[in-house]
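Working notes, beginning with the structure itself.
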Amino acid sequence: MKIAILSIGDELLTGEVTDTNASHIADRLYDCGARVFRHITVPDDEEAIVQALGDLALVSDAVIVTGGLGPTPDDYTAQAAARAAGVELELSQTALDHLAAFEKRIAKPLHPANRRQALVPKGCRLIPNPLGTACGFVVAIGSAELFFLPGVPFEMERMLAETVLPELAKRLPAPWRRITLKVFGIPEAAISERLDGAIPEGGGVELAYCVKYPEIHVILRAAAKDEAPLREGAAEVRQRLARFLFAEGADTMDDVLARLFRESGLTLALAESCTGGLIAARITAVAGSSAYFLEGNVTYSNAAKSRMLQVPPGLIEGHGAVSAEVARAMAQGAREAAGSDLALSVTGIAGPDGGTEDKPVGTVYIALADGGTCRVERCNFQGDRTRVRAITCFTALNMLREYLLIRHGAAVPD
């Protein structure tokens, strides 16, 4: 079955908004047994939309369209769909009832312009929208079915899952199987070298790489009939990448850490400088983190490091705020202040300014203190301020993960 995606919106072509919808649709379709064979993005222009709909309908069995169903004058999708299908727009009573129900649910009157969202191609099938004002709809152009969804991601995702995918699944072959192994701390080229020969050719298993900075995902895919070779291939990849493998499937670093903390019964405090609270934000993003996370200190200034963490001013003057000595003192001070089992600290130069010859931009110290020891690592990261802060956060979390694994008695492979 040939399925295409059409994304509509000026903001997608100017770079103001990233098209996460197309990625989500392709990902979910793959799980259902289909691969997107074409993806087109067009502006908020009626003629461009009509042309794209006609072109895709000629070569596709189904097209999933997102965007342009809003209440403003630059939302042309419904009228373009009607033109491409050779029908008129009509005011749908069902869509009007949906708007009325939405208005009642939020206990606030909608703008009169929202009534425009009840204008849909005559004879179409509506797609319920449980979260927003715009119903989706399905029209036929030639032998192709076109599914129109709002561009708002959380609305689109719900409608895709509840209506579109179940309809398409009736006509799709057996779903593909996929195993995603998430690794960190090794370059993509080195991963490829380690995995050379891991997957036998002709066995029905595909191997792919996806960089989601700072993670790298190693993805194994196979048809349902090749599930056994898929499992065998994944076992081989796990063994070859064991030192760097931190999660699988939908699990994140945050999820893995949460499980390890719950299992260990240990508590944690943080002292962050260059990351400005990013580590605390990730840890507390997981429900139930209050069971092990006690507090976080964002000690950005030298004075804050001394006042809140009891870092001696002389230590900062003698070694600099970005140093192993200060990172160690921050971790120990955070642990003592919170009364936690563990404390993690980070201090570094995220840039773009502040670097020196001895400590260039990207220099970061990470310290992890427990009751008896304090491990400190110096890291030299590359990239702009955003990337340095992101990889600092991830490296610190990974240090915690490795510590908890060892504490649990699990060997961390070389």
Exercise. Can you name every residue in segment 88-114 that is open to solvent by 30 Å² or more (accessible area, probe 1.4 Å), touching a residue at least 40 places away in the same chain (Cβ under 8 Å) and of a type outside the set (S, T, N, Q)?
Worked result: His111, Ala113
Exercise. Are there any helices (runs of 4 or more DSSP H) wholly within segment 1-65 with 3 or more residues that are within 14 Å of Leu160 (Cα to Cα) and without any contact (Cβ under 8 Å) to a residue 40 or more places away in the chain, and if so which?
Worked result: 20-32
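Output the residue which, of all residues in segment 166-195 that are in a helix (DSSP H, G or I) and touching a Leu at 6+ places or on another chain (Cβ under 8 Å), is most open to solvent (accessible area, probe 1.4 Å). I'd like the intermediate steps shown before the answer.
Just the residues of segment 166-195 that are in a helix (DSSP H, G or I), to begin with: 166-169, 188-194.
Next, from what is left, pick out any that are touching a Leu at 6+ places or on another chain (Cβ under 8 Å): 168, 191, 194.
Values: Leu168: 1, Ile191: 0, Arg194: 97 Å².
Only one residue tops the list, namely Arg194.
Identify, from the list Thr133, Thr163, the residue that is of a type in the set (Ser, Thr, Tyr), in contact (Cβ under 8 Å) with a residue 12 or more places away in the chain and part of a helix (DSSP H, G or I). Talk me through it step by step, then tell me what you get.
Numbers: Thr133 fails: part of a helix (DSSP H, G or I).
None of the other options fit; the residue is Thr163.
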Exercise. Do we have Asp384 as within 16 Å of Cys274 (Cα to Cα) and free of Cβ contacts under 8 Å to residues at least 40 places away in the same chain here?
Worked result: yes
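Going by the structure shown, is Glu317 among the charged types (D, E, K, R), open to solvent by less than 60 Å² (accessible area, probe 1.4 Å) and either more than 32 Å from the chain's Cα centre (by Cα) or under 25 Å from Ala242 (Cα atoms) (or both)? Write out each step before concluding.
Values: among the charged types (D, E, K, R): yes; open to solvent by less than 60 Å² (accessible area, probe 1.4 Å): no; either more than 32 Å from the chain's Cα centre (by Cα) or under 25 Å from Ala242 (Cα atoms) (or both): yes.
No, not satisfied.
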Problem set entry | Tally, over segment 250-294, of residues that are among the charged types (D, E, K, R), farther than 21 Å from Ser323 by Cβ and open to solvent by less than 60 Å² (accessible area, probe 1.4 Å) | 3
For this session: Sort out which residues of segment 24-68 are over 23 Å from Thr14 (Cα atoms), of a type in the set (Val, Ile, Thr) and surrounded by fewer than 22 Cβ atoms within 10 Å (Cβ to Cβ), and write them in order of number.
Result: Val36, Val59
Seminar exercise, completed: Within segment 209-231, the residues that are open to solvent by less than 50 Å² (accessible area, probe 1.4 Å), out of contact with any Leu (no Cβ under 8 Å at 6 or more places or on another chain) and within 19 Å of Arg243 (Cβ to Cβ) are Pro214, Glu215, Ile216
For this session: Answer yes if at least one residue in segment 386-409 is more than 20 Å from Leu268 (Cα to Cα), small (Gly, Ala, Ser) and not in a helix (DSSP H, G or I), and no otherwise.
Result: no
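I'd like to check which strands (runs of 3 or more DSSP E) are fully inside segment 208-327 and have at least 2 residues that are among the charged types (D, E, K, R).
Numbers: elements: 215-223, 245-248, 268-272, 293-298.
By residue number, 215-223.
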For this session: State all residues of segment 361-414 that are at pLDDT below 95, closer than 22 Å to Gly296 by Cα and in contact with a Lys or Arg (Cβ under 9 Å, 6 or more places away or on another chain); if no residue qualifies, say none.
Result: Gly371
Problem set entry | Subset tally (residues that are in contact with a Gly (Cβ under 7 Å, 6 or more places away or on another chain) and part of a loop (DSSP other than H, G, I, E, B)) for segment 79-129 | 2
Exercise. Given the conditions (1) among the polar types (S, T, N, Q); (2) over 19 Å from Gly276 (Cα atoms); (3) not in a loop (DSSP other than H, G, I, E, B), which single one is not true for Thr347?
Worked result: (2)
For this session: State all residues of segment 384-407 that are open to solvent by less than 20 Å² (accessible area, probe 1.4 Å), touching a Ser or Thr at 6+ places or on another chain (Cβ under 9 Å) and under 11 Å from Leu260 (Cβ atoms); if no residue qualifies, say none.
Result: Leu404
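The values are calculated or read from the model by the stated rules, or taken from the named source; none is laboratory data. Small disclaimer: the values here were computed from a predicted structure and weren't measured. FYI the Cβ positions are ideal-geometry reconstructions off the backbone, even for glycines, and counts take in every protein chain you see. Remember, those area values only see protein heavy atoms, side chains included, never the ligands or the DNA or RNA. Shrake-Rupley method; radii C 1.70, N 1.55, O 1.52, S 1.80 Å.
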